Amino acid sequence: MQAISGEDSRSMKLIIVDDIAINRELLREAFEAEGHTTLEAADGIEALQILNREKVDAVLSDILMPRMDGYRLCHEIRSTDRLRDLPIVIYTSTYTSPSDEKLALRLGADKYLRKPAPFETILIALEEAIAVQHTALRPEAWHEVEVLKEYSDRLVTKLEKRNIELAEANERLTILDRAKSEFLDVISHEFRTPLCGLFTVGELILDGISSPEENIELQRVFERSRRRILSILDDALLLTRIDVKRDQFGSVPVSLSAALIRAIENATEFADSRHVAFAMPSANLDLVVGDEDLLVRAFQALLQTAVMFSEEGATVRLAHEILADSLRVIIESHGRTISTTALPKFFEIFSVEETLTPGGDLGLGPALAYRILSLFGASVSVANRDSSGIRLTLSLKKAARKAASSSAGSAG
C-alpha cells in the first residue's frame, strides 16, 4: 500500500470473504466505485487459495461461513510467514457478542465491525489497518500517520454527509422489506386457497381408481408432492421473515436433547419412506441458546438432508462433543457424497443447480437451517466423509448458567 498523499489515496487491492453472494457483490461495487480492486471468496479455504497466488493489501472477512470460518482464517493467516503481517478487518453480524470480538482480535484481526456499517466506516477501518501495518514495516514513515489523520478527517466529514443519505435509503429499504414480507404472506395465503381445492379434487380422483395397487402408489406420490409444496411455501415464508425481521426473534435456554428428539420424531416418517433409520446418542445434553421450535425446524431440515444422502437400509448417526462454551452436534449419513463444485454453495438459497441425490434437489432445507442457526450465534458446516456419505457439523452456544437456573426455577 502506498502512502496517502494529496487529495486522494492510492487504490488498494483487497479480498472480500463472505458466504453470502449478495453481500460480496454490494461491497465489491462500493469499493470499485472508489477506485479499489477487489477479489472475492465464499469462505476461508477459498480465501487462502487466492492469497497463495495473489498479493493483496488487506482482508475484509465475515465470521460465520461454511468449511472455514473467519476465526480460523485469521489464525491461518497469522500462522503463515508470507501472510502474517496482512491487515485483517472482520465485518460480521450485529448479533455477535463481545466475546466473539475478543476472540477475533486475539486470533489476529486488526479491526472488528458489526453489520450493517456505513461503507465509509469500513473504508476507514481498512485504511487505518493498512497504515498501521505500513508504518510498522517502515519505521522511517512515521510522518505518514499525520497524513492519514488528515485523510481520515476528510472521510469523517464525508461520512456525516453520507449518513444522511443512508438514513433516507434505510427508510426506503425498511418500507420495501415490509412490503416484501406482506407480499409473501399474501402470496402464501393465495397459493394455499387454490392448492386446497387441487388437493381435494386429487383425493377424490384417487378414491375413484379401482385398482388397489395402482391407487396405493398414486396416493404415495400425491401425498409426497402435497407435503413438498406446502413445505416449500412454509420454508420460503420463514426465510423471508428471518431476513426482514431478524431482531424480532428472541432466544432462551433450550434443552438440546428435547429439541433433537422432537426433530427426529418429525423426520422419522420421511426417513421411513426411504428405509433409513436414526441413531441418537443417549446422553442428556446441556441447554443451548435459541428458540425450541425454530431449532427443531433447523434440526429436522438437516436430518432430512442426511437421509437424502443415505443409501436404502442405512442409519443416520448423531454424536456430540462438549466444548468450553459450546456444544457440537455431528450428523453423519452413509451413502452418497457431494460434488466439490456444490460443497461451497451448499447452504445458499437456490444455488444448487444440479440434482445431488436420487430423491431430487434439496429444496430450501439446508439454507433455512443455516439461517435459523445464525440467528442464535450458531453455525453448521458440511463435508464429505472419507468413505461415503456426508457429515453435518453444528456448533451451538451453551446457555449461560444463570439463565439456565432462572429458567429451571420459573418452571418449578
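This table checks each residue for (1) among the aromatic types (Phe, Trp, Tyr); (2) at pLDDT 90 or above; (3) within 28 Å of SER251 (Cβ to Cβ).
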{"residue": "ARG28", "(1), (2), (3)": "no, yes, no"}
{"residue": "ALA58", "(1), (2), (3)": "no, yes, no"}
{"residue": "MET65", "(1), (2), (3)": "no, no, yes"}
{"residue": "ASP69", "(1), (2), (3)": "no, no, yes"}
{"residue": "LEU73", "(1), (2), (3)": "no, yes, yes"}
{"residue": "GLU76", "(1), (2), (3)": "no, yes, no"}
{"residue": "THR94", "(1), (2), (3)": "no, no, yes"}
{"residue": "SER99", "(1), (2), (3)": "no, no, yes"}
{"residue": "LEU103", "(1), (2), (3)": "no, no, yes"}
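Answer with yes or no whether GLU46 is under 20 Å from the mean Cα position of the chain (by Cα), in contact (Cβ under 8 Å) with a residue 12 or more places away in the chain, outside any helix (DSSP H, G or I) and farther than 19 Å from TYR370 by Cα. Steps first, answer last, please.
Working: under 20 Å from the mean Cα position of the chain (by Cα): yes; in contact (Cβ under 8 Å) with a residue 12 or more places away in the chain: yes; outside any helix (DSSP H, G or I): no; farther than 19 Å from TYR370 by Cα: yes.
No, not satisfied.
If we only count strands (runs of 3 or more DSSP E) wholly inside segment 258-342, which ones have 2 or more residues that are within 23 Å of the chain's Cα centre (by Cα) and more than 17 Å from ARG391 (Cα to Cα)? Give the steps one after another, and end with the answer.
Values: elements: 277-279, 287-290, 315-322, 326-332.
Correct list: 287-290.
Considering PHE309, PHE278, which residue is aromatic (Phe, Trp, Tyr), in contact (Cβ under 8 Å) with a residue 12 or more places away in the chain and in contact with a helix residue (DSSP H, G or I) (Cβ under 7 Å, 6 or more places away or on another chain)?
Details: PHE309 fails: in contact with a helix residue (DSSP H, G or I) (Cβ under 7 Å, 6 or more places away or on another chain).
Only one candidate passes the filter, namely PHE278.
Sort out which residues of segment 61-80 are part of a helix (DSSP H, G or I) and either surrounded by 23 or more Cβ atoms within 10 Å (Cβ to Cβ) or among the aliphatic types (A, V, I, L, M) (or both), and write them in order of number.
Within segment 61-80, the first condition is being part of a helix (DSSP H, G or I), and the residues that meet it are 70-78.
GLY70, LEU73, CYS74, ILE77, listed by residue number.
Looking only at segment 81-127, count how many residues are in a helix (DSSP H, G or I) and within 14 Å of LEU14 (Cα to Cα). Before the answer, list the steps.
Taking segment 81-127 and keeping what is in a helix (DSSP H, G or I), we get 98-106, 119-127.
Now drop any that are not within 14 Å of LEU14 (Cα to Cα), which leaves 122-127.
Number satisfying all stated conditions: 6.
The values are calculated or read from the model by the stated rules, or taken from the named source; none is laboratory data. The structure presented is a predicted model; accordingly, all values stated were derived computationally and were not measured. FYI the Cβ positions are ideal-geometry reconstructions off the backbone, even for glycines, and counts take in every protein chain you see.
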